[in-house]
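Enquirer: There's a structure below that I have some questions on.
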Amino acid sequence: MNTLTKETVDELLAAMDAYKEIAQELMDKLILETNQPEKSEIIKGSYYLISNAELLNGEEHLSGNWYFDVHGEHCMFENLDTGQKLEVSLGNKDDIGNIDPYFFYDFLKTTEDFKHLIQYFANPFGDMLNFFEALEKRKILVHIHGVEYRKILQNEK
């Protein structure tokens with residue numbers, strides 16, 4: 001991993017915020033635009049109940065041309081126009097802010113405003129994991145489980 005300046009770290013932290021914001025927008029879109037069998041519980045935050053349900057609009061993709069695939073503990077979203085990808089953790093509403101090192105790298109790589117940041121990570125998974133671990137030591141990220149981390153909000157410190 002290349003040495004990161006404070007400005008670069010700040011950009012990466014802003015990318016984490018953008019990731020969480022886009023992930024929430026996509027989850028809301030998924031809930032609203034699909035026929036989820038457990039919709040009332042999902043709306044309350046039980047995102048682990050989300051499935052690959054049929055779209056209500058009769059189309060093949062969510063509005064905005066977003067493809068989605070629920071698998072295991074995640075939902076992968078890909079914008080078929082821009083190529084942007086997000087792999088979102090399911091569980092409860094808070095879990096969508098969880099970030100996996102490789103999935104976050106993939107988000108950076110496929111997001112126009114952030115793709116310049118991948119130059120700092122020669123090994124997409126290993127270097128990003130080292131970066132996450134360094135942020136955990138600085139109490140900026142918290143380790144959730146496996147290789148998933150979450151940014152700590154200022155008022156949680």
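The values are calculated or read from the model by the stated rules, or taken from the named source; none is laboratory data. Computed from a prediction, not measured in an experiment: that's the story for all the values here. No Cβ is skipped: glycine too gets one built from the backbone with ideal geometry, and neighbour counts run over all protein chains shown. Just the protein is used for accessible areas: all its heavy atoms, side chains included, with ligands, DNA and RNA removed. Shrake-Rupley method; radii C 1.70, N 1.55, O 1.52, S 1.80 Å.
Enquirer: Given the criterion acidic (D, E), at pLDDT 95 or above and either touching a Lys or Arg at 6+ places or on another chain (Cβ under 6 Å) or closer than 21 Å to N52 by Cα (or both), identify the matching residue among D95, D69, D127, D113. Talk me through it step by step, then tell me what you get.
Expert: Values: D95 fails: at pLDDT 95 or above; D127 fails: either touching a Lys or Arg at 6+ places or on another chain (Cβ under 6 Å) or closer than 21 Å to N52 by Cα (or both); D113 fails: either touching a Lys or Arg at 6+ places or on another chain (Cβ under 6 Å) or closer than 21 Å to N52 by Cα (or both).
Answer to the selection: D69.
Enquirer: Are there any pairs, at least 6 apart or on different chains, whose C-beta atoms fall under 8 Å, with the first in the stretch 57-74 and under 15 Å from K85 (Cα atoms) and of a type in the set (S, T, Y) and the second part of a strand (DSSP E or B) and open to solvent by less than 70 Å² (accessible area, probe 1.4 Å), and if so, which?
Expert: Within 8 Å, the pairs are Y67/F77; Y67/E78; Y67/N79.
Enquirer: Pick from K85, K151: which is modelled with pLDDT of 95 or more, closer than 20 Å to A23 by Cα and touching a helix residue (DSSP H, G or I) at 6+ places or on another chain (Cβ under 8 Å)? Full working, then the answer.
Expert: On the way: K151 fails: modelled with pLDDT of 95 or more.
Result: K85 is the single residue among K85, K151 that is modelled with pLDDT of 95 or more, closer than 20 Å to A23 by Cα and touching a helix residue (DSSP H, G or I) at 6+ places or on another chain (Cβ under 8 Å).
Enquirer: Then there is this: What residue, among those in the stretch 1-59 that are among the basic types (K, R) and out of contact with any helix residue (DSSP H, G or I) (no Cβ under 8 Å at 6 or more places or on another chain), is farthest from D127 (Cα to Cα)?
Expert: The initial filter retains those residues of the stretch 1-59 that are among the basic types (K, R), namely 6, 20, 29, 39, 44.
Now restrict to residues that are out of contact with any helix residue (DSSP H, G or I) (no Cβ under 8 Å at 6 or more places or on another chain): 6, 29, 44.
Values: K6: 17, K29: 32, K44: 36 Å.
Once the filter is applied, the top-ranked residue is K44.
Enquirer: So which residues in the stretch 111-121 are of a type in the set (S, T, N, Q) and open to solvent by 80 Å² or more (accessible area, probe 1.4 Å)? Give the steps one after another, and end with the answer.
Expert: Filtering the stretch 111-121 down to residues of a type in the set (S, T, N, Q) leaves 111, 119.
Answer for the stretch 111-121, where residues must be of a type in the set (S, T, N, Q) and open to solvent by 80 Å² or more (accessible area, probe 1.4 Å): just Q119.
Enquirer: Can you name the condition, by its number, that L4 falls short on among (1) at pLDDT below 95; (2) out of contact with any Gly (no Cβ under 6 Å at 6 or more places or on another chain); (3) open to solvent by 70 Å² or more (accessible area, probe 1.4 Å)?
Expert: That leaves (3) as the condition not met.
Enquirer: List pairs: first in the stretch 23-38 and modelled with pLDDT of 95 or more and among the small types (G, A, S), second surrounded by 15 or more Cβ atoms within 10 Å (Cβ to Cβ) and not in a helix (DSSP H, G or I), Cβ under 7 Å, 6+ apart or cross-chain?
Expert: Matching pairs, first to second residue: A23/L86; A23/V88.
Enquirer: Within the stretch 40-53, does at least one residue satisfy the condition of being in contact with a Phe, Trp or Tyr (Cβ under 9 Å, 6 or more places away or on another chain), modelled with pLDDT of 95 or more and open to solvent by 50 Å² or more (accessible area, probe 1.4 Å)?
Expert: No; the residues of the stretch 40-53 include none that is in contact with a Phe, Trp or Tyr (Cβ under 9 Å, 6 or more places away or on another chain), modelled with pLDDT of 95 or more and open to solvent by 50 Å² or more (accessible area, probe 1.4 Å).
Enquirer: Among the residues of the stretch 65-85, which ones are part of a loop (DSSP other than H, G, I, E, B) and either out of contact with any Phe, Trp or Tyr (no Cβ under 9 Å at 6 or more places or on another chain) or open to solvent by 50 Å² or more (accessible area, probe 1.4 Å) (or both)?
Expert: Matches in the stretch 65-85: N65, G72, E73, L80, D81, T82, G83.
Enquirer: Exactly one condition in (1) of a type in the set (A, V, I, L, M, F, W, C); (2) surrounded by fewer than 17 Cβ atoms within 10 Å (Cβ to Cβ); (3) touching a Cys at 6+ places or on another chain (Cβ under 8 Å) is false for V88; which is it?
Expert: Only one criterion is unmet by V88, namely (2).
Enquirer: Go through the stretch 122-146 and give me each residue that's open to solvent by 70 Å² or more (accessible area, probe 1.4 Å), closer than 15 Å to T8 by Cβ and free of Cβ contacts under 8 Å to residues at least 40 places away in the same chain.
Expert: The answer is R138, and nothing else.
Enquirer: Which ones in the stretch 26-37 are exposed (fewer than 15 other Cβ atoms within 10 Å of the Cβ) and closer than 27 Å to V142 by Cα?
Expert: Once the filter is applied, which keeps residues that are exposed (fewer than 15 other Cβ atoms within 10 Å of the Cβ) and closer than 27 Å to V142 by Cα, the stretch 26-37 yields only D28.
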